[in-house]
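Worksheet: the structure to be examined is printed underneath.
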Amino acid sequence: MDEKLRILLCEDDENLGMLLREYLQAKGYSADLFPDGEAGFKAFLKNKYDLVVTDVMMPKKDGFTLAQEIRQANAEIPIIFLTAKTLKEDILEGFKIGADDYITKPFSMEELTFRIEAILRRVRGKRNKECTVYKIGRFTFDTQKQILSIGEKQTKLTTKESELLGLLCAHANEILQRDFALKTIWIDDNYFNARSMDVYITKLRKHLKEDDSIEIINIHGKGYKLITPDND
C-alpha cells in the first residue's frame, strides 16, 4: 500500500473491535476504534478519514444515525456497515442512507479487507480520472466534482449516485446492462446490491425530474436506459 489510509472504525463489541483494528493495522491501514456512534462522529469531525466501517447496533448513537450525520458532512466518504441483522428492510435502509457496502456477521477478516480494497480502488480510480463533464438535457454533470447542475442550482451527489449516473451517461440512449453496472460499482450482483441499485436509480430520477426531456427507464430483464435528447 503506497500510503497509509485512515479508517474510522465504530464497534461496540470490545473484543471484535480490537481484533478488527489490529487486523486492519496489520494490513497497512491506520484504524481509529470507537465504541459508539457518538464518539465516532466527534472523531470524524476532528480528523480526516478515507473510509468508515461502522456497526449498526451501538449505544448512544447507532450506525444508521452516524452514517446520516457523516453523509451530511461529507457526501463522498465510503461507508461500510457491519451488522448481525439480516432483514432485507434493515439492509435497504442502510443503502438508502448511502452505504457503499453491507457485511453481515459473522464474516471473515479477508472478506472485509477485500471489500475495503475494492471500494478504495473505485474511489482512487475516479479521483485519478481527468474531469469529465456530461451534458444531460438542461443539466450539466461534473463526474469529478460529483456535481449535477441546472441553471443556478447545484446538487452534490454521493459517490454511488455519481458512479451510477456516470455509467448511465456513458451509455446514454443505450441499455446499461444491470449485471455490468452491479459488478462495476458494487463488485457483486447479489440480491441486496441489486435492490440498492434500484434505490439509487430512484434517487437519480428525483435529481433529474426538473427536465422533462430526460428519463431513466427500466428495460425488463436487462437493465436501464438514460433517455436524453443530447445523444440522439
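We did not get these values from a lab; they are worked out from the coordinates using the rules stated. All of these numbers come straight from a predicted model, not from anything done at the bench. Heads up, the Cβs are rebuilt from the backbone with ideal geometry, glycines too, and the neighbour counts pull from every protein chain shown.
Under 5 Å between amide hydrogens, built in the peptide plane, is the criterion, and for Ser30 it picks out Leu5, Arg6, Ile7 among residues at least 5 positions away or on other chains. Using a Förster distance of 45 Å, how high is the FRET efficiency between Lys222 and Thr113, based on the Cβ-Cβ distance and rounded to 0.05? The calculated FRET efficiency here is 0.85. Between the Cα long axis of helix 109-128 and the first principal axis of the chain there is an angle of about 40°, rounded to the nearest 10.
Shown here for region 1-47: GluC sites (Glu not before Pro) in loop regions (DSSP other than H, G, I, E, B) with at most 13 other Cβ atoms within 10 Å, namely Glu3.
If you keep only loop residues by DSSP, which trypsin sites (Lys or Arg not before Pro) in region 161-232 have at most 10 other Cβ atoms within 10 Å of their Cβ?
Lys209
Enter the angle in degrees (range 0 to 90, nearest 10) between the Cα long axis of helix 159-170 and the first principal axis of the Cα atoms of the chain, meaning the one along which they spread out most. Tilt relative to the chain: about 30 degrees. Projecting the Cα atoms of Leu182, Leu148, Leu165 onto the dipole axis of the chain, where Lys and Arg carry +1 and Asp and Glu carry -1 at the beta carbon, places Leu148 farthest toward the positive end.
Working note: Cα gyration tensor of the chain, eigenvalues times five, square-rooted, sorted largest first, giving semi-axes of 32, 18, 16 Å.
Determine the shape class of region 1-44: with a ≥ b ≥ c the square roots of the Cα gyration tensor eigenvalues, call it rounded for a/c under 1.5, and otherwise prolate if a/b is greater than b/c, oblate otherwise. Oblate shape, in that a/c is at least 1.5 and b/c is the bigger or equal ratio. Near the amide H of Tyr102, within less than 5 Å, lie the amide hydrogens of Phe81, all on another chain or at least 5 residues away, with H placed in the peptide plane. Largest GNM mean-square fluctuation among Tyr23, Tyr200, Tyr191, using the chain with Cα springs under 10 Å: Tyr191.
Say we join alpha carbon atoms closer than 10 Å with springs in a Gaussian network model of the chain; which of Pro35, Pro59, Pro106 then has the biggest fluctuation? Among Pro35, Pro59, Pro106, the largest GNM mean-square fluctuation belongs to Pro106.
The order of Ser213, Ser108, Ser162, Ser149, going from fewest to most other C-beta atoms within 10 Å of their C-beta, is Ser108, Ser213, Ser149, Ser162.
Can you tally the net charge around Gln68? Count Lys and Arg as +1, Asp and Glu as -1, for every other residue whose Cβ sits under 11 Å from the Cβ of Gln68.
Values: positive: Lys61, Arg71, Lys96; negative: Asp62, Glu69, Glu93.
So the surrounding residues net to 0.
Given +1 at the Cβ of Lys and Arg, -1 at the Cβ of Asp and Glu and no other charges, the dipole of the chain around its Cα centre is 460 debye to the nearest 20.
Taking every DSSP bridge with both residues inside the chain, close to 55 percent are antiparallel. The C-alpha atoms of the chain define a longest principal axis, and helix 191-207 lies at about 50 degrees to it. Would you mind telling me which residue in Leu19, Leu208, Leu157 has the biggest mean-square fluctuation in a Gaussian network model of the chain, where springs connect alpha carbons within a distance under 10 angstrom? Sorting by GNM fluctuation, first place goes to Leu19.
Using θ = phi - 60° in the Karplus curve 6.51 cos²θ - 1.76 cosθ + 1.60, the 3J(HN,Hα) couplings for region 67-78 round to 5, 4, 5, 5, 4, 5, 8, 8, 6, 9, 4, x Hz; x is entered for Gly and Pro. Backbone amide hydrogens, once placed in the peptide plane, bring Leu176 within less than 5 Å of Tyr224, Lys225, Leu226, excluding anything fewer than 5 places away on its chain. Here, P(r) means the percent of Cα pairs in each 5 Å bin from 0 to the largest distance; for region 6-127 it is 2, 12, 24, 27, 23, 11, 2, 0. Per-residue ellipticity at 222 nm from helix content only, as computed over the chain with -39500 (n - 2.57) for each DSSP H run of at least four residues, stands at -13000 deg cm²/dmol.
Between Thr184 and Met57, what length in nm is gained on full extension when 0.36 nm per residue of separation is reduced by their alpha carbon distance? Before the final figure, lay out each step's value.
Values: separation 127, 0.36 × 127 = 45.72 nm, distance 2.96 nm.
Extending this stretch completely gives an extra 42.8 nm.
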